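What follows draws every value from the coordinates through simple rules; no lab data is involved. Just so we're clear, the structure is a prediction, and the values are computed from it rather than from any experiment. All Cβ positions, even for glycine, are placed from backbone atoms using ideal geometry, and neighbour counts span all protein chains on display.
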Amino acid sequence: MKKLIQLFLAVIIFLSQEAFGQQDFNLHSHNDYLRNVPFWEAFGAGAASIEVDVILNNGELMAAHESASIRNEHTLTSLYLEPIQNARELGMIEKFEFHLLIDCKTEAYTTLDQVVKDASEFESFLFSSENPDGLKLIISGNRPKPEDYKNYPEWILFDFQSKVLTSDLPWEKIGMVSLSFRQFSVWNGKGRIVETEKAKLEEFISLVHSFERPVRFWASPDSKSAWKTFFEMGIDFINTDTPGLAQSYLSTIEKNVYQNPLRNEVYTPGFEQDGKEVPVKNIILMIGDGNGLAQISSGLFANNGQLNLTQLKNIGLIKTQAADDFTTDSAAGATAYATGQKANNRALGLNPAGDSLANLPDILDLYGFSSGIITTDQVTGATPSAFYAHHSERDDSDEIASWLPKSKLDLFVGGGREHFLDKVDEMEASGFTLLKNMNEISNSGAARIGYFASEGSLPSFQNGRGDFLSKSAIQSAQFLLDKKTPFFLMIESGMIDSGGHANSTSMIVTEMLDFDRAIGEMILFADQNPGTLLIITADHETGGVSIPQGDVRSGEVELAFHSDDHTGIMVPLFAYGAHSEDFKGVYENTEVFNKIMSIVKRYASFNRE
């Protein structure tokens, strides 16, 4: 039964290893024999070097660091040689892409003689000269003298441990060069390594590589920061006691690190109307879907440490919880902004009892406002549809689309034409002119307009969306301004959220910077049109994102992800223009609506004139 369980576990680990694919780093599984499933955990993590300490005890090689920890059933053969042979027989190993590093804790010659004897029982299958790609054993710890290395089989190599490397060493029998990390640095793996210590390590690495051999450092820091640093330094075998975690981290580092090749120009706000208690004529609410503080920071660090957004002075923090859940989705989050009431997740424009809620475009129409929505998502997406629809399920796109002709919106721009193909007549009957070119928006002359930028979803910025968001924001604001009425415009950047769900650093950074370009245009619009209130926030954070490392000079950021879903962390709100100081503080998402309406009601008579 025990063997069956071990076999089943081995198959699971092997399948996990297969999913890893090719990797351009090598792990050294330090003291592997101390793990729950020796060899298999390291093999499953794709370790290229697997270490076992051995003690010669009564003619047997015990897998242990000292005599007190010897367990009779834990031998080199039982924990390693037999499992490796089993994996070979099961077809899990076609070519050996790892070696065993055997650290001899007892006298060199007698211990190594026993290693050769035990391994020779597997020689025909694992080590034979007819199998040049067979398993190699690298002997560390107590070793014979270098001049005796030649006396051992071709599958026995040695771990050379000295700073003094010369051409007359028996390099044909040296499998790697290893030294204590502490001979070069006292770094503990937190923060950054001192440059002078790093230079010493790199100098030694280059020396080893000049003899065409790999290098390893033991007693080294064992953390994500250390693994990344060692990977970048070119250490051939990265020493770790947690090969599974190291493998998971290093195999995704290419995805988690992004270097921004371009820099956005940043507009400097005038601040002349910022915070002034003057009549508010225009309200622009910009929502970065999933855009938390880390996402904003990633864009900042990737753009020479500056954003349009981060120049603003009036800042608040928003609590994002839904009516029925600690962690909101976009439907409930946007409904809170649009209606001033908490909603259940997945519900649009409905309270928890299922009653329809008046939204900002409906209410502001009574105060003489025009309204519009823009999104990089489909128009039926959760955030934009919260400003016109009333439905219990955010994914019922056709049902949601039926609410658009009934809405008080004067403008919509986004993707998802496919959901409106059977509603064109109804939309035109309700007064919408459907445009075929975004450049027609600002000078269309129509009373109500709509523009579908795609049949389905729009591409991401990386995949060719271009300046759609900035251009549509400029065009739409001008269209609404030309109506000579106060207006409300909601602008959503929808794919920052997609980057969080995908745990994609590049997508988060590029979508955030695209959003910031649109923010810059709207700050400029506010400066050019006194009485404009600009509010920039998010519906929730996505990904549980943090920023462990980065380089402002090169525009590189590394993101780490706690989740691939939304989180309950507060999100920032930035305000600019008339009455922007009203948005300072920490408050519920519903208060954004209440603050907007308080300002609108204060100047109701002014806006009707």
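Tabulated results
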item	result
Percentage relative contact order, region 24-254, counting C-alpha pairs under 8 Å, at least six apart	20 percent
Antiparallel DSSP beta bridges within the chain, as percent of all bridges there, nearest 5	30 percent
Extended-chain gain in nm, criterion 0.36 nm per residue less alpha-carbon gap, Asn72 and Lys484	139.4 nm
Selected from Ala343, Leu533, Ser185, residue furthest toward positive end of dipole (the chain; charges at beta carbon)	Leu533
Relative contact order of the chain, pairs being alpha-carbon contacts under 8 Å that are 6 or more residues apart, as %	16 percent
For the chain, with +1 on Lys and Arg beta carbons and -1 on Asp and Glu, the positive-most of Ala108, His566, Leu364 along the dipole	Leu364
Residues Met438 and Thr268, FRET efficiency given R0 of 30 Å [Cβ-Cβ distance, rounded to 0.05]	0.65
Neighbourhood charge, 9 Å Cβ-Cβ cut-off, centred on Asn31 and excluding it, Lys, Arg +1 and Asp, Glu -1	-4
Residue-count net charge about Ser371 - beta-carbon cut-off 11 Å; Lys, Arg +1, Asp, Glu -1	0
Debye, to nearest 20: dipole size of the chain, +1 on Lys, Arg Cβ, -1 on Asp, Glu Cβ	1500 debye
Which label in (1) 33.9; (2) 36.6; (3) 61.7 gives the computed mean projected area of the Cα convex hull in nm²	(1)
Positive-end extreme of charge dipole, the chain - chosen from Ser210, Val37, Asn291 (charges on Cβ)	Asn291
Cα-centred dipole magnitude for region 242-286, charges only on beta-carbon of K, R (+1) and D, E (-1), debye, nearest 20	140 debye
Calculated [θ] (222 nm, deg cm²/dmol) that DSSP helices of n ≥ 4 give over the chain, each run adding -39,500 (n - 2.57)	-9000 deg cm²/dmol
Neighbourhood net charge (12 Å Cβ-Cβ; Lys/Arg +1, Asp/Glu -1) for Thr240	-2
Of Lys342/Lys406; Lys136/Lys163; Lys313/Lys601; Lys471/Lys584; Lys163/Lys198, pairs whose Cα-Cα distance is over 20 Å	Lys342/Lys406; Lys136/Lys163; Lys313/Lys601; Lys471/Lys584
Sequence-separation-based contact order of region 529-574, relative, with Cα cut under 8 Å and 6+ spacing, percent	48 percent
